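The values are calculated or read from the model by the stated rules, or taken from the named source; none is laboratory data. Just so it is clear, the structure is predicted and the values come from calculations on it, not from any experiment. Cβ atoms come from the backbone with ideal geometry, glycine included; neighbour counts cover every protein chain shown.
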Amino acid sequence: MKYLTFAARLFIGGLFVYASIHKITDPAQFAVSIRNYMILPPEWSHLVALALPWVEIGAGAFLILGIQTKPSALLTTGMLAVFLVAIARAYATGLDIDCGCFSSAAASHGRVDIYHLVRDSLILLVSLFVLLADRGDFCISGLFSLRGRPV
């Protein structure tokens, strides 16, 4: 079980690091993707576009490295739940937008559809699995513990 949990942790961590790259390199396009959902006030989109990718890359890197895995998994699971609700709302209201998950709105390959809902639901379940099943195996945090258990 510890190898499955480790693999899931690496998968979610890698996914979050990968997803944050284009958002960090092009925050203006990510702000457009955020505005397209019409959930936040438009003036907040730039602040969120500047801050959220750094939270994503931090949580992903912590999962990969095994630093504070429970809080990091809680953060990724929470973000994925919020993303899933936003995608479900966009799908239900018929918004013709790109999800903005792994590419910019300018590089859109079509609108949010059932594929995105299923994909993000499965990713959410993997992150939830990490949150619930991770016992600190293969963690850097465990190297600094006084009793051999993760900090």
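Quick notes on this one:
- Within the range 17-37, restricting attention to residues that are among the β-branched types (Val, Ile, Thr) and surrounded by fewer than 21 Cβ atoms within 10 Å (Cβ to Cβ), the residue that is farthest from Asp96 (Cα to Cα) is Val17.
- Residue count, the range 32-47 (criterion: assigned to a helix (DSSP H, G or I), of a type in the set (A, V, I, L, M) and modelled with pLDDT under 95): 2
Residues checked against (1) under 21 Å from His22 (Cα atoms); (2) loosely packed, with under 15 Cβ neighbours inside 10 Å; (3) in contact (Cβ under 8 Å) with a residue 12 or more places away in the chain:
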position	(1), (2), (3)
Ala49	yes, no, yes
Gly60	yes, no, yes
Leu65	no, no, yes
Thr69	no, no, yes
Gly94	no, yes, no
Gly100	yes, no, yes
Arg111	yes, yes, yes
Asp120	yes, no, yes
Ile123	yes, no, yes
